[in-house]
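Computed from the coordinates by the stated procedures, all read-outs in this text should not be read as laboratory data. These figures come from a predicted structure and were not determined experimentally. Every residue, glycine among them, receives a Cβ derived from its backbone with ideal geometry; neighbour counts consider all protein chains shown.
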Amino acid sequence: MTIPSGEKQQIIRAALSWLRGLTAIVIFWIGLRIMMALDSYFPPDFQHGFLAGRQSYFRASMYGAGFYLHIIGAPIALLSGLTQFSRGLRSWSPRLHRLLGRTYAISVLLAAAPGGLMIGFRTFAGPSAAVCFIVMSLLVSLSTVLAWRAALQRRFTSHRRWMTRSYLLIVSAILLRLIDPALRDAGVPDELSYQWSVWLSWVPSLVLFELLERRRGGMAAHQHLPAET
């Protein structure tokens with residue numbers, strides 16, 4: 001039985017809506033889990049977890065300040081940024097959409113990104129991971145600034161694109177927590193697993209987004225071509 005093209009489009013839209021909703025729930029749940037775990041870092045525990053073995057330079061360098069900036073700013077950016085993709089929120093309350101957008105931008109530019117940059121130099125996984133964190137911090141800052149500027153200039157298509165790029169970099173924190181354990185369970189050594197995971201948490205996502213945007217742009221241009229005679 002052949003499904004009419006109109007019904008196919010409805011099925012695809014319904015599937016995409018379901019997938020977006022499921023993704024939002026997972027991001028929200030993990031974001032809350034991250035925020036609820038913050039109390040373990042006040043005061044810092046140098047015997048267990050992420051800060052184990054970092055006591056020698058935690059307070060003697062910028063690492064401590066960068067660490068707290070990052071762990072406070074990143075969850076706020078993760079949760080506030082999630083709301084920016086809700087069409088319902090934009091329609092219901094544009095003012096709230098803008099307020100949450102500013103919250104996202106400020107948390108990225110003043111906390112998450114500079115904090116990530118400061119702690120990126122001290123990663124245990126070597127130069128590859130350090131370069132990754134530094135590049136991520138610079139890219140997310142640039143994407144966020146360009147998204148904010150495009151919104152102020154009312155170039156909303158450009159705003160959506162830059163905001164998506166920025167958020168894909170922020171949401172890498174969640175993908176990292178999913179990819180790294182999976183690679184370790186597959187037998188990849190801990191340090192190598194982390195090195196792979198930090199790159200896999202955002203590079204494929206951005207590449208896929210750029211390919212989809214190029215395809216979307218090509219289809220839009222094709223639709224506006226004059227008919228052949």
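Each residue of segment 96-103 is assigned a 3J(HN,Hα), and the resulting list reads 5, 4, 5, 4, 5, x, 5, 4 Hz, derived from the Karplus form 6.51 cos²θ - 1.76 cosθ + 1.60 (θ = phi - 60°), x at Gly and Pro.
Where (1) 89, 20, 11; (2) 30, 20, 15; (3) 36, 21, 18 are the candidate values, the label of the one calculated here for semi-axes √(5λ) of the Cα gyration tensor in Å is (3).
The angle separating the long axis of helix 156-170 from the principal Cα axis of greatest extent in the chain is about 30 degrees. Applied to segment 135-140, the Karplus parametrisation 6.51 cos²θ - 1.76 cosθ + 1.60 on θ = phi - 60° returns per-residue 3J(HN,Hα) values of 4, 4, 4, 5, 5, 5 Hz, with x for Gly and Pro. Backbone N atoms of segment 164-200 closer than 20 Å to the 7 Å Cα→Cβ label point of Arg216 belong to residues 164-172.
Our coupling estimate for segment 42-53, obtained by passing each phi through the Karplus curve with A = 6.51, B = -1.76, C = 1.60 and θ = phi - 60°, is 10, x, x, 9, 8, 9, 9, x, 4, 8, 4, x Hz, Gly and Pro reported as x. Simple rule: put +1 on each Lys or Arg Cβ and -1 on each Asp or Glu Cβ in the chain, find the dipole, and look at Met35, His97, Met136; the Cα lying farthest toward the positive end is His97. Taking the number of Cβ atoms within 10 Å of each Cβ as an exposure proxy, the fewest-first ranking of Val171, Val145 is Val145, Val171. Projecting the Cα positions of Phe124, Tyr167, Ala151 onto the charge dipole of segment 53-211 (unit charges on Cβ atoms of Lys, Arg, Asp and Glu, taken about the Cα centre) puts Ala151 furthest along the positive direction.
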